[in-house]
Amino acid sequence: MRFSGTIFLISMLFVVLLTIAWFVNPGTDNVDGVAEIEGVTQSTGGIHKILTGENKRAPKKNIDLGEGKLRGRVRNAAGVPVAGATIQVMPIDPDANILTTQREIANFWECETDAQGMMTFRALPEGDFVVSAAHEGAHAVARAHVVENGAFAELTLQLEPSVTLQGNVVDGEGAPVVGALVYPVPAGEDNDEGTRVYRYVPVKTDESGKFKHPLVPAGDWDVLVVAPKFATRRVTLLPSGKNTIALNEGEFIQGRLIRAEDQRPLSNTRLLADAVDVPEESHVQRSNGQGFFRFTGLRAAAYVVHIDSNGYVGEAQVVLQDSHGAPGQDSMSIRDNVRIDPITGETKGSLATPESESTSPPGDESDTLLIEAVATGAIRGQVLESGVDVGVPDVYVSALVEGQTQATVTAKTDLAGYYSLKGLPEGTYQVRAPHNTDRVLVVTDDATVNVVAGKQVDGPAFRAESGEILRGEVKDSGRNLIGEANVYLRQSSYPSDVRGVTTGEDGSFVFRGAHRDEQVTLWAEKMGAVSEPFGPAQVGDGGLQGILLPLMPVE
């Protein structure tokens with residue numbers, strides 16, 4: 001019995017060791033349920049990659065699979081499709097603050113372009129992604145938004161020869177700063193998304209404080225350097241690469257937050273100081289019990305200081321100049337805190353430089369940036385099932401300033417079907433519920449709502465009802481049916497809400513939940529080929545059938 005027990009323990013230990021070895025270096029057996037992933041996973045240095053291949057395996061860490069679709073074409077500088085380019089698709093948060101969101105990208109999808117320079121992904125979760133392409137020393141980076149169960153997100157990446165941004169980062173004593181994040185920023189004030197996308201691919205300084213960034217196209221570049229305990233710094237790099245960037249403690253803004261209605265201090269309220277030249281750089285503070293606040297560790301730049309609260313709105317602009325100096329520059333310049341009225345844009349005057357480090361500034365309060373907080377209002381209503389007073393959860397309702405087409409605030413209904421649109425400045429709004437499901441949401445009351453500051457007002461109720469169906473086909477100029485073409489629908493009452501579906505292999509498409517008696521416009525696209533628009537056409541009982549969208553050939 002003792003001998004048998006020993007054999008059993010040895011056998012169990014062997015099984016445990018085999019299991020651990022498999023998890024450390026898994027094989028390539030197929031796993032059920034992930035047939036939409038076009039590839040196998042490999043683990044290298046903690047980064048999981050999905051590579052093109054015949055075998056399929058579910059990732060082991062933090063990958064959310066979905067039904068989102070992305071496709072694109074890679075071309076060289078001459079416009080010729082590039083086969084064999086390496087594509088990486090990385091999930092991002094487009095609203096992330098680079099000062100507080102510095103987590104590594106742990107997972108990404110990867111493939112190579114085919115003979116026509118095409119890449120396709122079919123199992124992405126809904127969200128925003130950065131797509132990079134590389135081939136023989138040339139690179140390209142773009143951003144894409146992917147939706148579930150909708151049209152393909154499409155993009156074209158044009159490869160350009162890259163340049164290397166390099167330098168070293170030191171502190172005020174000349175010691176290297178290790179682990180600083182270096183973000184490429186286009187020189188000047190260009191905030192176009194095409195170049196700002198490079199903020200999603202920063203590099204870190206090494207143990208010597210040096211950095212090297214190889215993934216930017218030729219041109220003039222700055223870098224924004226972010227490191228804990230230092231002020232961020234934006235620097236225009238020298239082409240020689242001999243760039244030494246010294247970080248210091250930075251500048252400060254201090255002020256006070258008061259209520260517009262009674263001039264009393266507004267305490268414990270979150271404020272943001274957003275850099276004007278780098279929109280993703282945002283510093284966070286809260287007002288104290290007397291309404292005072294103080295931002296420290298700021299670089300010399302223009303900032304918009306504003307309230308980040310559903311209950312109040314208010315802002316002011318501040319311009320800071322460098323009082324520390326920089327290597328190779330004059331060591332001292334003035335600090336220029338300029339208060340600007342957020343309504344009229346009128347300059348109110350310069351603010352004196354406070355000398356105290358306390359949260360409450362000494363002396364006359366006129367030395368402090370003053371922000372008046374104006375109370376906001378809210379709208380609350382409900383979305384109900386047709387014919388019964390049962391709430392419909394998880395549908396989106398928006399408030400739009402009367403006469404505009406872009407939503408001011410959007411909220412999702414709770415489990416009981418209630419929506420709450422908060423943080424609305426006083427004024428008149430249209431409450432709308434554009435397409436959410438295969439049904440339509442029909443307003444049962446007046447959709448025009450007057451919002452009163454500091455109060456919650458009743459919003460309209462909506463009923464979920466069956467919508468009309470639109471059917472059609474997409475063909476090319478030779479009358480051949482086109483599979484996997486994107487088809488888009490816009491309704492006249494919701495001009496900013498565009499829906500998309502893809503055609504099946506037979507070239508047919510179906511839109512469900514169209515609003516009856518609406519004017520609709522439809523069109524089709526596929527990698528640069530676009531159809532003439534169909535409509536505006538009236539949707540009646542029975543919807544619209546037999547819609548034909550002929551694609552023009554791609555040049």
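Listed values, structure above:
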read-out: Every residue from the range 423-451 that is open to solvent by less than 60 Å² (accessible area, probe 1.4 Å) and part of a loop (DSSP other than H, G, I, E, B); value: P425, A433, P434, H435, N436, T437, A447
read-out: Count of residues meeting criterion [crowded, with 19+ Cβ neighbours inside 10 Å, of a type outside the set (S, T, Y) and part of a loop (DSSP other than H, G, I, E, B)] in the range 210-242; value: 4
read-out: Of all residues making up the range 273-287, the number that are of a type outside the set (A, V, I, L, M) and either assigned to a strand (DSSP E or B) or open to solvent by 40 Å² or more (accessible area, probe 1.4 Å) (or both); value: 6
read-out: Some residue of the range 473-484 being in a strand (DSSP E or B), at pLDDT below 95, surrounded by 15 or more Cβ atoms within 10 Å (Cβ to Cβ) and not hydrophobic (A, V, I, L, M, F, W, C); value: yes
read-out: The range 141-166, subset within 23 Å of the chain's Cα centre (by Cα) and within 26 Å of A180 (Cβ to Cβ), residue surrounded by the fewest Cβ atoms within 10 Å (Cβ to Cβ); value: R143
read-out: Conditions (1) farther than 22 Å from L70 by Cβ; (2) modelled with pLDDT under 95; (3) of a type outside the set (D, E, K, R); number of the one not met by L522; value: (2)
read-out: Among residues of the range 204-236, those that are of a type in the set (S, T, Y) and closer than 20 Å to A187 by Cα, counted; value: 2
read-out: Criterion: in contact with a Cys (Cβ under 8 Å, 6 or more places away or on another chain) and under 30 Å from Y488 (Cβ atoms) - qualifying residue of F121, F129, F108, F152; value: F121
read-out: Flag for S420 being at pLDDT 95 or above and open to solvent by less than 50 Å² (accessible area, probe 1.4 Å); value: yes
read-out: Exclusive hit being hydroxyl-bearing (S, T, Y), at pLDDT 90 or above and within 30 Å of R73 (Cα to Cα), set Y183, Y198; value: Y183
read-out: Test: residue in the range 489-506 that is assigned to a strand (DSSP E or B), surrounded by fewer than 19 Cβ atoms within 10 Å (Cβ to Cβ) and more than 28 Å from the chain's Cα centre (by Cα); value: no
read-out: Count of residues meeting criterion [aliphatic (A, V, I, L, M) and open to solvent by 20 Å² or more (accessible area, probe 1.4 Å)] in the range 171-180; value: 2
read-out: Any chance G535 is open to solvent by less than 50 Å² (accessible area, probe 1.4 Å), free of Cβ contacts under 8 Å to residues at least 24 places away in the same chain, in contact with a Leu (Cβ under 7 Å, 6 or more places away or on another chain) and part of a strand (DSSP E or B); value: yes
read-out: Subset of the range 107-122 that is on the phi < 0 side of the Ramachandran plot and not in a strand (DSSP E or B) - its residue that is surrounded by the most Cβ atoms within 10 Å (Cβ to Cβ); value: T113
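The values are calculated or read from the model by the stated rules, or taken from the named source; none is laboratory data. Please read all numbers here as calculations on a predicted model, not as lab measurements. Neighbour counts run over all protein chains shown; Cβ positions are idealised from the backbone, glycine included. Surface areas here come from the heavy atoms of the whole protein model, side chains and all, with no ligands, DNA or RNA. Shrake-Rupley method; radii C 1.70, N 1.55, O 1.52, S 1.80 Å.
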